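Some notes on the structure that comes next.
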Amino acid sequence: PPPPDPATAEPQPKRPRVDPETGLVSEADFAALVGDAPQLLNVNTPVDDSNAAWALKGQTVSVHCKVTDTIRALKVALSSHLGNMPASKQQLRHPTLGFLKDALTLAHFNIKAGDTLDLKVRRR
């Protein structure tokens, strides 16, 4: 077949730009790719009996959140599953990105449905 007429051919959609240092797509591009539907994330808890009310027995907790939610909002959502453990006592760690900053969104870190984070207890 003959090549398509350039005047009528649709341009190729742009691929999201990936940061060469982190391998992450920009926050806006990631949010656009994933959409705004609630996502189910898994958080592994440690075995920690320093506060019995928190019931940290090494279980995996699943939480619904949006990629536009901040890490702080995720911690607040986790709190109700963990005996009202204060968000300020929680540290969330991604297996390859390390500890996640509260003010940044899940999209910033390219965290999507099915990803698993690790919870650590902040000691101060």
If you roll a 1.4 angstrom probe over the protein chains with everything in place, what fraction of the accessible area of the range 35-114 belongs to carbon and sulfur, to the nearest %? 55 percent
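Counting only helical runs of four or more DSSP H residues, what would the 222 nm mean residue ellipticity of the chain come to if each run contributes -39,500 (n - 2.57) and the total is spread over all its residues?
-4000 deg cm²/dmol
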Computed magnitude of the charge dipole of the chain (debye, nearest 20; Cβ of K, R +1, Cβ of D, E -1): 660 debye
State the number of lysine pairs found in the chain whose Cα atoms come within less than 17 Å, restricting to pairs 8 or more positions apart or on distinct chains. 13
May I ask you to give the solvent-accessible area per residue for the chain, in square angstrom, as obtained with a 1.4 angstrom probe? 64 Å²
Could you order the peptides 45-52, 82-89, 110-117 from most to least packed, using the average number of other C-beta atoms within 10 Å per residue? 110-117, 82-89, 45-52
Find which of Leu56, His108, Leu97 sits farthest along the positive direction of the dipole of the chain, computed with +1 on the beta-carbon of Lys and Arg, -1 on that of Asp and Glu, about the Cα centre. Leu56
In whole percent, the Cα-Cα distances of the chain spread across 10 Å bins from 0 upward as 12, 39, 24, 12, 7, 4, 2, 0
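The values are calculated or read from the model by the stated rules, or taken from the named source; none is laboratory data. Since the model is a prediction, treat every value here as computed from it, not as a measurement. Every residue, glycine among them, receives a Cβ derived from its backbone with ideal geometry; neighbour counts consider all protein chains shown. Keep in mind that these areas ignore ligands, DNA and RNA; they rest on the heavy atoms of the full protein, side chains included. Shrake-Rupley method; radii C 1.70, N 1.55, O 1.52, S 1.80 Å.
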